[in-house]
């Protein structure tokens, strides 16, 4: 896993990308290389209802309607009952969601790029709000550890498929 970041080139007619809150007390950026086809990785990651099947940190996940900007999904992870809203959706390339959970406002960006038979999955997430301001180092570490696990489990499951 690395902390590299790349920017996507804007296309004519393309809406500007939704980004994380760079000024948030907790910001994590990670990436992983997954040796599986993009379609496999993307399908696993965006089949929200199936997250508990491959990510034991997610106890429950339910998407309300089709996956598209404005869609919401509820999920339970690490004891947090979260309702997230899809903020951006570029099939096969990018998904962004965000929302509040117990005083923490999160924005989570995922990007996927296929090259040479592998997929680079990049994730960046920001957390802000009173709980994070009260304990930024602890929550930064919790966020980091959670994303490391998510990427490792996504990689393992996609490469096994």
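Just one of the numbered conditions (1) at pLDDT below 95; (2) surrounded by 14 or more Cβ atoms within 10 Å (Cβ to Cβ); (3) not in a strand (DSSP E or B) is not true of residue 82: (3). With the condition kept exactly as written, say whether any residue in the stretch 21-29 is under 25 Å from residue 156 (Cβ atoms) and either in contact with a helix residue (DSSP H, G or I) (Cβ under 7 Å, 6 or more places away or on another chain) or not in a strand (DSSP E or B) (or both). Yes: one or more hits.
Considering each residue of the stretch 45-56, count those that are assigned to a loop (DSSP other than H, G, I, E, B) and exposed (fewer than 15 other Cβ atoms within 10 Å of the Cβ), and give that number.
Selection size over the stretch 45-56: 2.
Among the candidates 32, 36, which residue alone is assigned to a loop (DSSP other than H, G, I, E, B) and surrounded by 18 or more Cβ atoms within 10 Å (Cβ to Cβ)?
Details: 32 fails: assigned to a loop (DSSP other than H, G, I, E, B).
That would be 36, the only listed residue that is assigned to a loop (DSSP other than H, G, I, E, B) and surrounded by 18 or more Cβ atoms within 10 Å (Cβ to Cβ).
Taken residue by residue, the stretch 10-18 has no member that is modelled with pLDDT under 95, within 17 Å of residue 155 (Cβ to Cβ) and over 15 Å from the mean Cα position of the chain (by Cα).
In the list 59, 123, which residue meets the criterion of being touching a helix residue (DSSP H, G or I) at 6+ places or on another chain (Cβ under 7 Å), free of Cβ contacts under 8 Å to residues at least 40 places away in the same chain, within 19 Å of residue 150 (Cα to Cα) and surrounded by 14 or more Cβ atoms within 10 Å (Cβ to Cβ)? Spell out the reasoning first.
Values: 123 fails: free of Cβ contacts under 8 Å to residues at least 40 places away in the same chain.
Exactly one of 59, 123 is touching a helix residue (DSSP H, G or I) at 6+ places or on another chain (Cβ under 7 Å), free of Cβ contacts under 8 Å to residues at least 40 places away in the same chain, within 19 Å of residue 150 (Cα to Cα) and surrounded by 14 or more Cβ atoms within 10 Å (Cβ to Cβ), namely 59.
Taken as a whole, the stretch 129-146 holds no residue that is part of a strand (DSSP E or B) and closer than 24 Å to residue 31 by Cα.
The values are calculated or read from the model by the stated rules, or taken from the named source; none is laboratory data. All values derive from a computational prediction rather than experimental measurement. Glycine gets a Cβ as well: all are built from the backbone with ideal geometry, and neighbour counts include every protein chain shown.
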